[in-house]
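K.L.:
Quick one: the structure is below, and I'll ask about it shortly.
The values are calculated or read from the model by the stated rules, or taken from the named source; none is laboratory data. If you're wondering where the values come from, they're calculated on a predicted model, not measured in any experiment. Cβ coordinates were reconstructed from backbone atoms using ideal geometry, including for glycine residues, and neighbour counts include every protein chain displayed.
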Amino acid sequence: MSGIVLYAMLAMTVVVAVLFFFGGEVPMAGRVVADVSQSEPRYTDALLCWVYALLGLAVVVALGTALRKQVLGFVNAPGAMARLWVGAGLLVALLGGAWLAGSGEPLEIPGYGGTENVSFWLKLADMFLYAIYVLLGVAVLLIVGSGIARKLR
């Protein structure tokens with residue numbers, strides 16, 4: 001069943017990507033970008049909605065799996081759950097540090113008149129970007145480190 005779901009999501013992703021890249025552009029009169037001479041793909045909204053749907057699905061699956069693991073782990077081996085709590089604590093610490101490192105200074109965005117150019121949203125965006133950078137770096141180090149460790153054994 002999971003293979004079928006995977007292929008269905010992959011097919012939908014390919015369809016949305018093809019529409020985005022080859023579906024044409026928004027007519028000049030309907031463009032919402034500040035500089036109307038810049039290209040604006042017609043299916044940008046569809047791509048963003050699909051990405052949000054995949055992100056939401058990933059969050060729901062990750063939280064559901066973690067909750068299931070938490071309940072089963074506590075029932076089977078209460079002492080082994082300490083690693084899960086340490087990992088969650090490290091993630092919270094990483095997000096807190098990334099929040100503190102983020103800048104809340106409003107951006108100069110030509111043609112933007114929205115209300116999201118405020119300190120909270122800017123710090124939130126920086127927090128997620130910094131956390132992604134750190135987690136990506138840790139993943140690369142773990143991949144390289146495990147390869148080196150495997151060669152040394």
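K.L.:
Applying the selection to region 116-128, what residues are loosely packed, with under 13 Cβ neighbours inside 10 Å and part of a helix (DSSP H, G or I)?
P.N.:
Listed by number, the residues that qualify are 119, 120.
K.L.:
Does residue 83 qualify as being free of Cβ contacts under 8 Å to residues at least 12 places away in the same chain, more than 23 Å from residue 129 (Cβ to Cβ) and outside the structural domain of residue 129 (by TED's automatic domain parsing)?
P.N.:
Spelling it out, it is not the case that residue 83 is free of Cβ contacts under 8 Å to residues at least 12 places away in the same chain, more than 23 Å from residue 129 (Cβ to Cβ) and outside the structural domain of residue 129 (by TED's automatic domain parsing).
K.L.:
Return yes when residue 98 is outside the structural domain of residue 62 (by TED's automatic domain parsing), over 30 Å from residue 72 (Cα atoms), part of a helix (DSSP H, G or I) and touching a helix residue (DSSP H, G or I) at 6+ places or on another chain (Cβ under 6 Å) and no when it is not.
P.N.:
yes
K.L.:
Please verify whether residue 64 is surrounded by 10 or more Cβ atoms within 10 Å (Cβ to Cβ) and assigned by TED's automatic domain parsing to the domain that holds residue 12, treating the condition exactly as stated.
P.N.:
yes
K.L.:
Across region 28-50, what is the number of residues that are in contact (Cβ under 8 Å) with a residue 12 or more places away in the chain and either touching a helix residue (DSSP H, G or I) at 6+ places or on another chain (Cβ under 9 Å) or not in a loop (DSSP other than H, G, I, E, B) (or both)?
P.N.:
8
K.L.:
Which of the residues spanning region 1-13 are over 19 Å from the mean Cα position of the chain (by Cα) and in a helix (DSSP H, G or I)?
P.N.:
2, 3, 4, 5, 7, 8, 11
K.L.:
Give just the number: which of (1) within 25 Å of residue 16 (Cβ to Cβ); (2) not assigned by TED's automatic domain parsing to the domain that holds residue 13 does residue 56 not satisfy?
P.N.:
Of everything listed in (1) within 25 Å of residue 16 (Cβ to Cβ); (2) not assigned by TED's automatic domain parsing to the domain that holds residue 13, residue 56 misses just condition (2).
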